[in-house]
Each structure stands twice: as C-alpha cells, then as structure tokens.
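Asker: Dropping the structure in here first, questions after.
The values are calculated or read from the model by the stated rules, or taken from the named source; none is laboratory data. Being a predicted model, the structure only gives us computed values, none of them experimental. So basically every Cβ, Gly included, is an ideal-geometry build from the backbone, and we count neighbours across all protein chains shown. Heads up: the accessible areas ignore ligands, DNA and RNA and are worked out on the full protein's heavy atoms, side chains in. Shrake-Rupley method; radii C 1.70, N 1.55, O 1.52, S 1.80 Å.
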Amino acid sequence: MKMTEVIDIVLIDDHKLFREGVKKILEFEPSFKVVAEGGDGTEAEKLVEEYQPDVVLMDINMPDMNGVQATSKLVDKFPDTNVIILSIHDDESYVSHALQTGAQGYLLKEMDSDSLIEAIKVVSEGGSYLHPKITHNLVQEYRKLAQENISSLGSSDIEIRKPLHLLTKRECQVLQLLANGKSNRVVGETLDISEKTVKNHVSNILQKMEVNDRTQAVVTAIKKGWVEV
C-alpha cells in the first residue's frame, strides 16, 4: 500500500449497473479511491498501465478477454498490482483456476459490503482473501477428507493435536470462527470485541502458525485437528 494509505482501485466489470453499485459502496470508505473503471480484460490492462492501482476488482466472466486471462497478464506485467476476482461461481475449479493465475482474492457477487471492504484492505497489504462461502466450501471438503482418513485408520493411529501450546485461548476462539467462515466483523460481534482487536488476533495467529493468510491458517488448523469441522 502507498505511504498515504489511500488504496487506489481499478474496477473492471462488463455490467455498468453492477460497477456503479460497487463504486458507490467503495466511495463511502475514506481510504479507498476508484481511479478508473472498465468493461473487459483488454481495457483492464490499459487502465492498470496508466493508473498503477493497488487493487484491481475483476469480473471473471467478460467478453473478449475474461477475468482469469486478464489476471494472468496483469500479474506477469504489473507484479505490484493485486487482483480480486468477482464471480457468481463458487465451484472449486473456478476458485483454483483464478488463484493459480495469480489472483489474491476471490469474492462472490452475493458478498456484503463489509466483506468487500475487508477483502480490499487485506489484499492491498499483501494478504489473500476468499469469500466466507468459499472458505466454508473448503472446510467441507477437508471435513470429508478428514473423515475418510479417520475411517481408514485405527484409533491408535489418530493423533489429536491442540493449538493451546501455540495460541492463546482467545486466538483459538478466533481461529475456530475463521474456520466457520466468519468475517472479522462477525468474529468481533460473536466474541464481544472490536474489529481492530480481531485483526490483531488474526495477525498474531498468522505469525505464530507461520502462514501468509487466513485461508492457509484454516486449512492448516483442519489438517492438524485444531478446529471443529
């Protein structure tokens, strides 16, 4: 993020009405500035070259050049620009493809404004962000795999590890809620703490677990049996 802490955003979506709605949401956030907007992947490349934004919000389904193709080009040409994919698809194949091409975030268009704002802030600081529903789907997939692994093992082969040797009790609570797909705002409301405190706990969790973002933290916690799924 720039030293001024203003996050410059380019918004790319072929539906003008959707763009206008997203732009109005972003304009309420003092630290956000929508510097340009466009309707396809080809236009995205030109706008990013001209404005050098911190974050690009990119629709996945567009004519001429789709969002995934455009993301691949942008990441290769402008490595300091972080892309968040906007999509109606929650299928794992769409998510995996987008992330593999270099997107730092994946949001469903059914998102609420809090998720959008939180995603932009996280991604602008170099982190990754998945829509809570996507995280939930990942949890469900790992739950299925975990149950299959348990079924194939004898009870003496199952090692249950708890994170209290690594995390505080409060951090364990936050980690569990992240695994449940909750946003920072909802975590704060559930635990009766401020959103800023939640962010501090999340940062501590990532540092202690030696992972880069909350998705990696959740996946690691599931694998180690640190959260209930």
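Asker: Rolling a 1.4 Å sphere over the protein heavy atoms, what is the accessible area per residue of segment 1-124, to the nearest Å²?
Answerer: About 48 Å² of surface per residue is accessible.
Asker: Are there chymotrypsin sites (Phe, Trp or Tyr not before Pro) in segment 2-60 that DSSP marks as loop and that have at most 11 other Cβ atoms within 10 Å, and which are they?
Answerer: Numbers: sites: Phe18, Phe28, Phe32, Tyr51; in loops: Phe28.
Those satisfying the criteria are Phe28.
Asker: What do you get for Rg/Rh of segment 1-63 when both radii come from the Cα atoms and Rh is the Kirkwood radius?
Answerer: Checking Rg against Rh, the ratio lands at 0.96.
Asker: Per residue of the chain, what 222 nm ellipticity follows from adding -39500 (n - 2.57) for every DSSP H run with n ≥ 4, rounded to the nearest 500?
Answerer: Values: 10 runs with 121 residues, N = 229.
It comes out at -16500 deg cm²/dmol, rounded to the nearest 500.
Asker: Same structure again: How many angstrom lie between the C-alpha centres of segment 166-229 and segment 1-78?
Answerer: Computed from Cα coordinates, the inter-centre distance equals 29 Å.
Asker: For the chain, with all protein chains present and a 1.4 Å probe, just round the carbon and sulfur fraction of the accessible area to a whole percent.
Answerer: Carbon plus sulfur share of accessible area: 48 percent.
Asker: What GluC sites (Glu not before Pro) in segment 164-216 are in a loop by DSSP, with at most 11 other Cβ atoms within 10 Å of the Cβ?
Answerer: Answer in residue order: Glu210.
Asker: Which order do peptides 40-46, 203-209 fall in by mean Cβ count within 10 Å, highest first?
Answerer: Top of the packing list down: 40-46, 203-209.
Asker: Where a Cα-Cα gap under 26 Å defines reach, which lysines qualify for Lys77, not counting those fewer than 8 residues away within the same chain?
Answerer: Lys2, Lys23, Lys33, Lys46, Lys121
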